[in-house]
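Report on the following structure.
The values are calculated or read from the model by the stated rules, or taken from the named source; none is laboratory data. Nothing here was measured: the structure is a model prediction, and the numbers come from that model. Please note: Cβ atoms are built from the backbone with ideal geometry, for glycine as well, and neighbour counts cover all protein chains shown.
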Amino acid sequence: SAEEVTASYLERIKKSRINAYTTVWEGAIDKAREIDEQGHNGPLAGIPIAIKDNISTKGISTTCSSKILQGYVPPYDAHIIERLKDAGAIILGKTNMDEFAMGTSTESSCYGPTLNPWDMERVPGGSSGGSAAVVAAGEAPISVGSDTGGSVRCPAAFCGVVGLKPTYGTISRYGLISYANSLEQIGPLATCVSDIATLMDVIGGHDARDSTSIKTETVYKDALADDVSGLKIGVPAEYFGAGIDPAVENSVWDAIQLFEEMGASWEQVSLPHTSYALAAYYIIAMSEASSNLARFDGTRYGYRNEGENWHVMASRTRAEGFGAEVKRRILLGTYALSAGYHDKYYLKALKVRTLVKQDFDLAFKEFDCLITPTMPTPAFKLGEKVEDPLALYLADVNTVPINLAGVPSISLPCGFTDGLPIGLQIIGKHFDEATILKAAYSFE
Ligand code: GLN
């Protein structure tokens, strides 16, 4: 029964040593019993799920792993939460993340880092590290995260699970607390591609409350054919650049070889503006963040400090409520948007974004999908990059171009090195999730 399944996950969560949940929902068992009693027959009836802590859940604390949102309990559900509830899913709890989804390691959380279940001295990736780690550790069968520049795919790669960043506009962002809204999408994580498709069929689709939400007729489950014959794969040289771990490189080439054996063909392709993507991404993301995070001033949500007037209260609240990385990004974003620098940084970054997108448009005239490593290395050690934000930003080199272009991309396990999982990234055309799901399904 749903109750037994939920109870067994809750039991496992109790024994956890990886610090992946920020909140375990105390109503889960009652909800499971209710689903049993109703004889609910939705597509996810009785299936427990974990939700990243930046997705609004009515009546369940939602904090973005930030001190500034301590005590905030949303009065409404995000669009995807409404959909998941209708489908019969049971929310187990909220998962740990980098504060406001800014990071690649889940180390900037106010709750402390989540540990990688494969090696507890290593990071699980980020920013949806909790969502990937719970799936890898058997603390939830499926989960959702958000991906602004790799935050679903990076932890999927580091934790050896499957994660999809859908085409921009595919899943409503209503109720997702924005970090950089022109780049981000909610994305599913699971142990297999078919669960990803099932989840997409539930959470994807149009919602009038998100003006960037698009009507699509895709039935993701229909994509799950075991057939890549005739598939034309492009392999972009720029994604195998300096800093790539040889084991990662070999593993991805082995995967490409396997696709060839299964009847696909591949050729090298160049995406010449890739090297500018990282800089453009960070300018755009920080600019949007500086504006999106202006609403956290102690007046409306969560934590509030004292002060003789509003200005003092708001400024103390923000000084104490935000962590170092979030402050760094608000400052840099505010600088990039300020009069006199706006053209030089922000507008320039937007132009580069267009060039990056055009690289993909051109490549997809010739190829059905592109294959690359998701991350240049396997999971790194906890603490290894905390003192060096630039080193951390560099880890995103293969994931951020996809968000700049808005195309879909899936990460799935393709091997191991020293006991650590390696992730393969398959990138598709806008709204062609079907092709990358099919390729991933055939490969796994
Ligand atoms: N690591 C990237 C960043 O810090 C991506 C984060 C994300 O996708 N939310 O911006």
- Note on the structure: Among 126, 145, the single one that is within 11 Å of the ligand (Cβ to nearest atom), more than 24 Å from residue 418 (Cβ to Cβ), in contact with a helix residue (DSSP H, G or I) (Cβ under 8 Å, 6 or more places away or on another chain) and modelled with pLDDT of 95 or more is 145
- Query: Looking at (1) part of a helix (DSSP H, G or I); (2) within 12 Å of the ligand (Cβ to nearest atom), which is the only condition residue 132 fails?
  - Reply: (2)
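Residue-wise test of (1) of a type outside the set (Phe, Trp, Tyr); (2) within 16 Å of the ligand (Cβ to nearest atom); (3) under 22 Å from residue 200 (Cβ atoms).
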| residue | (1), (2), (3) |
| --- | --- |
| 333 | yes, yes, no |
| 347 | yes, no, no |
| 350 | yes, no, no |
| 366 | yes, no, no |
| 372 | yes, no, yes |
| 403 | yes, yes, yes |
| 409 | yes, yes, yes |
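Yes or no: residue 270 surrounded by 15 or more Cβ atoms within 10 Å (Cβ to Cβ) and either within 30 Å of residue 331 (Cα to Cα) or modelled with pLDDT of 95 or more (or both)?
Working: surrounded by 15 or more Cβ atoms within 10 Å (Cβ to Cβ): no; either within 30 Å of residue 331 (Cα to Cα) or modelled with pLDDT of 95 or more (or both): yes.
Taking the combined requirement at face value, the residue does not satisfy it.
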- Query: Checking residue 104 against (1) more than 11 Å from the ligand (Cβ to nearest atom); (2) over 22 Å from residue 444 (Cβ atoms); (3) of a type outside the set (A, V, I, L, M), which test does it fail?
  - Reply: (1)
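Just to check your reading of the model, which residue among 88, 71, 112 is touching a His at 6+ places or on another chain (Cβ under 6 Å) and on the phi > 0 side of the Ramachandran plot? Step through it out loud before you land on a result.
Values: 71 fails: touching a His at 6+ places or on another chain (Cβ under 6 Å); 112 fails: touching a His at 6+ places or on another chain (Cβ under 6 Å).
Only one candidate passes the filter, namely 88.
Okay, residues lined up against (1) outside any loop (DSSP other than H, G, I, E, B); (2) more than 16 Å from the ligand (Cβ to nearest atom):
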| position | (1), (2) |
| --- | --- |
| 266 | yes, yes |
| 280 | yes, no |
| 288 | yes, no |
| 305 | no, yes |
| 311 | yes, yes |
| 317 | yes, yes |
- Quickly run through region 319-338 and pick out the residues that are touching a residue at least 40 places away in the same chain (Cβ under 8 Å) and either closer than 30 Å to residue 429 by Cβ or part of a loop (DSSP other than H, G, I, E, B) (or both). 322, 323
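Among the residues of region 177-187, which ones are farther than 21 Å from residue 24 by Cα and more than 8 Å from the ligand (Cβ to nearest atom)? Reasoning before the result, please.
As a first pass, look at region 177-187 and keep what is farther than 21 Å from residue 24 by Cα: 178-185.
Scanning region 177-187 gives 178, 181, 182, 185.
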- Message: Given the options 86, 98, 77, name the one that is among the acidic types (Asp, Glu) and within 13 Å of the ligand (Cβ to nearest atom).
- Response: 98
- Residue hits (region 148-176; part of a loop (DSSP other than H, G, I, E, B) and away from the ligand (no atom under 11 Å from the Cβ)) are 160, 161, 166, 167, 168, 169, 170, 171, 172, 173, 174, 175
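Can you say whether residue 417 is modelled with pLDDT of 95 or more and touching a strand residue (DSSP E or B) at 6+ places or on another chain (Cβ under 8 Å), as far as the supplied structure shows?
Working: modelled with pLDDT of 95 or more: yes; touching a strand residue (DSSP E or B) at 6+ places or on another chain (Cβ under 8 Å): no.
The answer is no for residue 417.
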- Task: Can you confirm whether region 340-350 contains a residue that is surrounded by fewer than 17 Cβ atoms within 10 Å (Cβ to Cβ) and under 30 Å from residue 263 (Cβ atoms)?
- Result: no
- Item | Qualifying residues in region 363-392 (those that are surrounded by fewer than 14 Cβ atoms within 10 Å (Cβ to Cβ) and at pLDDT 95 or above) - the one nearest to residue 156 (Cα to Cα) | 381
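Take the residues of region 17-64 that are polar (S, T, N, Q) and part of a strand (DSSP E or B): which is nearest to residue 300 (Cα to Cα)?
Per the criteria, the residue is 57.
Yes/no matrix, rows are residues, columns are (1) in a helix (DSSP H, G or I); (2) surrounded by fewer than 21 Cβ atoms within 10 Å (Cβ to Cβ); (3) touching a Cys at 6+ places or on another chain (Cβ under 8 Å):
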residue: 189; (1), (2), (3): no, no, no
residue: 195; (1), (2), (3): yes, yes, no
residue: 201; (1), (2), (3): yes, yes, no
residue: 206; (1), (2), (3): no, yes, no
residue: 222; (1), (2), (3): yes, yes, no
- Note on the structure: Within region 147-191, the residues that are in contact with a Gly (Cβ under 7 Å, 6 or more places away or on another chain) and polar (S, T, N, Q) are 151, 167, 170
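Among the candidates 3, 107, which residue alone is in a loop (DSSP other than H, G, I, E, B), touching an Asp or Glu at 6+ places or on another chain (Cβ under 9 Å) and among the acidic types (Asp, Glu)?
When all the criteria are applied, what remains is 107.
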- Item | Cβ pairs under 6 Å, 6+ apart, first in region 100-116 and more than 16 Å from residue 179 (Cα to Cα) and among the hydroxyl-bearing types (Ser, Thr, Tyr), second near the ligand (Cβ under 8 Å from one of its atoms) and in a loop (DSSP other than H, G, I, E, B) | 105/126
- If we keep just the residues of region 207-249 that are over 17 Å from residue 433 (Cα atoms) and free of Cβ contacts under 8 Å to residues at least 24 places away in the same chain, which is nearest to the chain's Cα centre (by Cα)? 211
